[in-house]
Every structure is written in structure tokens, then in C-alpha cells.
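Taking it in order: structure first as C-alpha cells, then the write-up.
Derivation of every value follows stated rules applied to the coordinates shown; laboratory data play no part. Values in this document were obtained by computation on a predicted structure and should not be read as measured data. Cβ coordinates were reconstructed from backbone atoms using ideal geometry, including for glycine residues, and neighbour counts include every protein chain displayed.
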Amino acid sequence: MSTQRIYQLLISFVILAVIAFISERSHVLASVVSVMPLNITFALWFVYTSAVGDAALSADFSRMVIFGLTPTMLFAAACWFGFRQGWPLGRVLVVSYAVWLAATGIYRGIEWWLQTAR
């Protein structure tokens, strides 16, 4: 494992620890920090450095991130809905991940269909 990869992983861990610390003080601030594009930044950093600066590969990855946000938003909406219904955490997560998986499958299916239709 390269030194750069170790730095990337350590920074990711520190940010998760900061989010956990912030959540004890303010749930609002923790929710804002948790949806910051930090994960996207790290993923871009990983992709860009692994591809040795290939901008085309990074652009393709960025495009896929845009479309990948829709299932994530549906996951969050399902969490909100489940908690509003008074469901326990386990049920909320199972249903929310099922929604995310279905939306991701539909998105990937549409993308595959569009690519094969060319």
C-alpha cells in the first residue's frame, strides 16, 4: 500500500471521527457535515491518483456520481419516512437500503440500455 493511500485512509478516518464528535454536540451540524461532498472529494482523489491524472476517467467518474446521488437521496427520504412512522432503526435501514438498491439497479439498467442502444 502506497504512502499516499495511507494518508487518504487516515484523513477519511479522521473526518468520520470528527462527524461522530460533532453529532454529540449538534445533530443539525452533524447532518450538514455528513452530507458535505467529502466522500466525493476523497473518491475523486482516489480515482484521479490511481489513474495517474487521467482527466477523462475522472470526468466519467464524476458523471456517474451525479446519477448516483439520486438513489442516495431516495435512501435518505426512505429513512425520513421510516422514522416518521416510528419504525426501529433496523427496519428503517433494511427498507432504506432496499430502496437504494432498487433505485441503483434501475439507474444501472437504464445506463446499460442506453449504451447498448447506440
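Miscellaneous remarks
- For the chain, the spread of Cα coordinates along the three principal axes comes to 46, 42, 22 Å, biggest extent given first.
- Among the chymotrypsin sites (Phe, Trp or Tyr not before Pro) in segment 2-45, none sits in a DSSP loop with a Cβ that has at most 12 other Cβ atoms within 10 Å.
- Here the Karplus relation 6.51 cos²θ - 1.76 cosθ + 1.60, evaluated at θ = phi - 60°, turns the backbone of segment 58-66 into coupling constants of 5, 5, 4, 4, 4, 4, 5, 4, 4 Hz, with x for every Gly and Pro.
- Value of relative contact order over the chain, rounded to a whole percent, pairs C-alpha under 8 Å and six or more apart: 16 percent
- Coordinate range of the alpha-carbon atoms in segment 52-118 per principal axis, descending: 46, 30, 14 Å.
- Each helix, a run of at least 4 DSSP H residues, gives -39500 (n - 2.57); summed and divided by the residues of the chain, these come to -30000 deg cm²/dmol at 222 nm.
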